[in-house]
Amino acid sequence: MSASSNMNWDRRNVLRAAMGLAAAGGLAACGSNTGRGGGSGSGTNLVQMFHAYGEAGTEQAIKRYAKAYKDANVTTQWITSSDFESKLFSALLTKNAPDLFEFHPQIQMVKSGQVADLTDIIDPVKDDFNPADIKSHTVDGKIYGVRMIDDPQFFFYRKSMLEKAKVEVPTTLDELMEAAAKLTTGKVKGLYMGNDLHSVNDTLIWSAGAQHLTEKNEIAYHTDGVVEGLKKMRKLFTSGDLLLGAPTESWDPSSFNQGLCAIQFCGMWAMPAIQDALGDDWGVFPFPKVTDSGKPSVYNGGWSMFVNAKGKNVDAAKEYVKWLWIDKKDYQEDWATSYGFHIPPRASLAKTADKLKSGNAAEGVRLFNEFGHFDNIGWTQAMRTAFEDVFANSVRKNMDPEAALDKCDAAVNRELKKLFG
Amino acid sequence: MSTTTKLDLASPASAKASSAKPRRGLRGSPTVNFWLFTGPFLIGLAIFVYTPILWSLWLSFFEARFTVTPDKFVGFDNYVYMLTNDDFVGSLGTFTAFAAFIVPTTWALSLGLALLVNRMRFMRAFFRSVFFLPTAVSYVAASLIWKMSIFSGVRFGLMNTVLGWFGIDNIAWLIDPNPPWYWLVIVTARLWLQSGFYMILFIAALQNIPDELYEAAAIDGAKPGWQTFRYITLPQLRATSTAVILLLLIAAYQAFDEFFNLLSKTTWGRPPLVELYYKALGESQDYGAGSAGALILTVLICAVTLLQGKIMGFGRGDESK
């Protein structure tokens with residue numbers, strides 16, 4: 001006879017059992033879903049947070065690298081791109097914050113003590129890193145992140161479409177507008193810069209000969225050149241030559257590959273996908289100069305690895321960052337060139353990466369070196385959002401650019417005052 | 001005698017019961033039962049509702065950037081900042097415009113659907129289900145369908161395909177605010193999602209109207225159709241209508257998902273919750289300003305709801321008269 005048959009399951013017992021299960025479930029739920037590993041191996045559990053990359057195989061690659069690490073159990077949280085910033089920031093306020101995460105260098109994270117000083121692990125190889133990457137991660141002589149990849153962003157164009165329309169590669173914003181008009185047909189729009197146009201916020205500033213902030217962390221973007229650029233962007237926005245309302249944003253090359261546009265602003269990461277779709281029928285060029293005093297520009301985006309300074313395993317997390325993003329050069333090259341194309345921030349790796357030595361990839365590297373601009377660590381997310389509002393207001397909504405910039409100035413100055421006093 | 005016998009039989013049992021230990025649990029003290037059943041919910045309410053509200057109130061008086069445990073007291077600065085912020089104040093205007101349209105439209109559509117479905121003699125259950133099913137769809141999923149499939153700005157979007165048959169160029173429904181086509185997208189999404197639910201409420205209310213009223217009206221010469229609807233149906237639905245309008249207004253205040261997913265990174269078409277998310281929480285991590293804005297909004301919702309209830313007579317208890 002089984003033991004269970006002896007049990008007297010009256011209503012009270014059933015109710016007690018149900019309540020007990022509910023309570024146990026509730027307690028279990030309080031401590032679950034942390035994303036942490038099962039505690040095997042060395043006993044140290046680390047959680048890393050990544051945004052979801054668009055290129056196939058990236059998630060598996062990151063998890064494969066983590067699995068190969070023997071000194072800790074590293075679990076990966078792979079977050080949908082559009083939710084990444086808000087999820088990361090809110091997670092960092094909790095006990096379940098990731099031990100390490102990828103993001104861009106921003107001074108407010110340093111000032112609020114969210115990111116750990118990584119100077120000691122970078123110093124021995126500092127000279128092998130792109131100096132601009134080191135500068136963009138440095139505050140008061142301390143380095144707060146390890147650059148994983150550099151992502152130059154520029155225009156991709158269909159050679160055959162430009163040849164057919166007898167259009168030369170644009171070298172000024174006016175020429176870009178003329179090209180967009182000539183390339184627009186019944187089914188193809190001349191140009192795509194993303195639905196909200198925010199992909200070109202930064203390049204517009206640089207191509208107008210301005211900067212975001214001065215060396216003293218004062219506003220430097222509010223110039224006549226930027227105002228002129230915003231007016232031209234408004235003209236372009238209302239011209240009917242711009243692809244608007246595309247199903248995917250500019251970081252995804254689908255609109256370009258599917259022939260919805262002749263020119264698209266995108267990142268170097270998209271090169272393999274574009275090559276697969278279009279063969280050699282494409283080229284790249286930088287964001288053209290906006291004014292006579294301006295200069296073409298390329299935004300050198302990218303991602304860096306940071307260690308949560310308030311985490312429980314700061315030293316273990318730093319060891320992992322050192323192992324993966326400093327010591328394991330084969331993984332870094334794999335990460336930079338096996339999925340999308342990115343430029344390794346390590347000079348020694350950038351030199352030996354064969355896939356970046358020829359064709360459009362080599363041209364992308366040249367544009368990166370010649371026209372590239374890196375993140376300013378003092379330009380925070382709140383400032384970035386304020387300048388996005390300038391584009392939304394003046395380019396899309398037809399607000400006077402001066403008024404839109406004045407409004408942005410107020411928001412940026414409020415932020416600067418809080419950060420630098 | 002039989003009565004005596006019953007009492008005799010009952011007496012020992014009573015004595016036995018009184019000598020036993022007091023019964024615990026579900027049939028014991030009403031107080032214990034009360035706490036047993038309401039305790040878990042009260043604990044949940046305290047932890048997940050009241051504590052965050054109080055914490056938010058506390059945060060609103062502090063410089064709480066990148067932290068929810070701040071130490072720099074700033075008094076009413078966050079409230080002043082939010083109340084003098086054009087975008088936050090503008091979001092209240094956006095909400096007003098949205099509510100002014102969506103509340104009466106959803107009310108009318110729900111009532112219309114309820115009247116139609118209620119009169120159907122054929123496939124009534126089927127049509128009830130068809131109109132009710134969208135209620136089960138998430139706002140995010142519906143927003144994506146609307147954005148990427150129906151109102152996509154490219155030539156293969158459903159609406160643009162239809163317009164193309166008439167030689168009309170593609171419209172960037174959600175990108176260009178001039179003209180503000182985005183309202184069409186937002187309003188249709190919300191109508192599709194909400195109308196079925198309120199239709200069910202109206203159907204229930206319609207079925208509660210006594211047939212005798214219509215029969216009496218017919219005897220008195222009332223014409224079926226508009227006259228009957230105007231003087232019998234509509235007054236009988238007053239309580240339900242008031243509740244529906246109240247729920248719609250609160251839902252309009254809480255609008256977030258479809259605005260956030262359909263209009264990313266705009267400075268227009270932001271209801272208060274979206275504005276709070278962008279300006280104070282989210283990427284900016286200004287939890288002090290965000291909390292101040294949230295509390296301003298809470299006070300506003302309470303005031304408007306009470307005012308609306310007062311005007312519409314909600315809770316007077318005379319609806320059935």
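The values are calculated or read from the model by the stated rules, or taken from the named source; none is laboratory data. Please read all numbers here as calculations on a predicted model, not as lab measurements. Cβ coordinates were reconstructed from backbone atoms using ideal geometry, including for glycine residues, and neighbour counts include every protein chain displayed. For the accessible areas, the whole protein counts, side chains as well, though only heavy atoms, and no ligand, DNA or RNA atoms are used. Shrake-Rupley method; radii C 1.70, N 1.55, O 1.52, S 1.80 Å.
Summary of computed values
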read-out: Criterion: in a helix (DSSP H, G or I) and more than 20 Å from A:Val188 (Cβ to Cβ) - qualifying residue of B:Gly196, B:Gly221, B:Gly164; value: B:Gly196
read-out: Helices (runs of 4 or more DSSP H) within the range A:46-141 that include 1 or more residues more than 30 Å from B:Lys72 (Cβ to Cβ); value: A:58-68, A:119-122, A:131-135
read-out: Residues located in the range A:389-406, provided they are surrounded by fewer than 19 Cβ atoms within 10 Å (Cβ to Cβ), in a helix (DSSP H, G or I) and within 13 Å of another protein chain (Cβ to nearest Cβ); value: A:Ala403, A:Asp406
read-out: Residue among A:Ala353, A:Ala386 that is under 24 Å from A:Lys135 (Cβ atoms), modelled with pLDDT under 95, more than 14 Å from every other protein chain (Cβ to nearest Cβ) and in contact with a helix residue (DSSP H, G or I) (Cβ under 7 Å, 6 or more places away or on another chain); value: A:Ala353
read-out: Residue ID - farthest from the other protein chains (Cβ to nearest Cβ), chosen from residues in the range B:257-279 that are in a loop (DSSP other than H, G, I, E, B) and closer than 24 Å to A:Trp379 by Cβ; value: B:Arg270
read-out: Conditions (1) open to solvent by 40 Å² or more (accessible area, probe 1.4 Å); (2) within 11 Å of chain A (Cβ to nearest Cβ); number of the one not met by B:Gln254; value: (2)
read-out: Tally of residues being more than 30 Å from A:Val110 (Cα to Cα), open to solvent by 10 Å² or more (accessible area, probe 1.4 Å) and in contact with a Phe, Trp or Tyr (Cβ under 9 Å, 6 or more places away or on another chain) across the range A:267-296; value: 9
read-out: Where a residue in the range B:62-89 is within 13 Å of chain A (Cβ to nearest Cβ) and its partner, wherever it lies, is surrounded by fewer than 18 Cβ atoms within 10 Å (Cβ to Cβ) and small (Gly, Ala, Ser), with Cβ under 8 Å and at least six apart; value: B:Arg65/A:Ser112; B:Phe66/A:Ser112; B:Thr67/A:Ser112
read-out: Any chance A:Lys312 is modelled with pLDDT under 95, more than 30 Å from A:Gln114 (Cα to Cα) and surrounded by fewer than 19 Cβ atoms within 10 Å (Cβ to Cβ); value: no
read-out: Pair list, Cβ < 7 Å and 6+ apart or interchain, from the range A:261-288 residues that are in a strand (DSSP E or B) to residues that are acidic (Asp, Glu); value: A:Gly267/A:Asp151; A:Val284/A:Glu363
read-out: Candidate set from the range B:280-299 (those that are out of contact with any Lys or Arg (no Cβ under 9 Å at 6 or more places or on another chain) and crowded, with 24+ Cβ neighbours inside 10 Å); member that is nearest to the other protein chains (Cβ to nearest Cβ); value: B:Ala280
read-out: Neighbours by Cβ (under 7 Å, 6+ apart or cross-chain): first from the range A:355-374, surrounded by fewer than 17 Cβ atoms within 10 Å (Cβ to Cβ); second modelled with pLDDT under 95 and in a strand (DSSP E or B); value: none
read-out: Index of the failed condition, B:Thr51 passing every other in (1) β-branched (Val, Ile, Thr); (2) under 30 Å from A:Ala309 (Cβ atoms); (3) at pLDDT below 90; value: (3)
read-out: Breaking point among (1) open to solvent by 10 Å² or more (accessible area, probe 1.4 Å); (2) farther than 27 Å from B:Gln285 by Cβ, for A:Ala66; value: (1)
read-out: Single unsatisfied condition, A:Pro124 versus (1) surrounded by 15 or more Cβ atoms within 10 Å (Cβ to Cβ); (2) closer than 20 Å to A:Lys322 by Cα; (3) not polar (S, T, N, Q); value: (1)
read-out: Candidate set from the range B:133-180 (those that are open to solvent by 20 Å² or more (accessible area, probe 1.4 Å), of a type in the set (Phe, Trp, Tyr) and free of Cβ contacts under 8 Å to residues at least 24 places away in the same chain); member that is nearest to the other protein chains (Cβ to nearest Cβ); value: B:Phe156
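Conditions tested, residue by residue: (1) among the charged types (D, E, K, R); (2) out of contact with any Gly (no Cβ under 9 Å at 6 or more places or on another chain).
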residue: A:Asp140; (1), (2): yes, yes
residue: A:Gly194; (1), (2): no, yes
residue: A:Lys216; (1), (2): yes, yes
residue: A:Lys235; (1), (2): yes, yes
residue: A:Asp241; (1), (2): yes, no
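Each row is one residue, and each column tells you yes or no for (1) surrounded by 22 or more Cβ atoms within 10 Å (Cβ to Cβ); (2) acidic (Asp, Glu); (3) out of contact with any strand residue (DSSP E or B) (no Cβ under 6 Å at 6 or more places or on another chain).
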position	(1), (2), (3)
A:Asn201	no, no, yes
A:Thr214	no, no, yes
A:Ala220	no, no, no
A:Met233	yes, no, yes
A:Thr238	no, no, yes
A:Phe265	yes, no, no
A:Val298	yes, no, no
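For (1) of a type in the set (A, V, I, L, M); (2) away from chain B (no Cβ under 14 Å); (3) assigned to a loop (DSSP other than H, G, I, E, B), each residue gets a yes or a no:
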position	(1), (2), (3)
A:Gly194	no, no, yes
A:Asn201	no, no, no
A:Ile205	yes, yes, no
A:Glu215	no, yes, yes
A:Tyr221	no, yes, yes
A:Gly225	no, yes, no
A:Leu236	yes, no, no
A:Ser239	no, no, yes
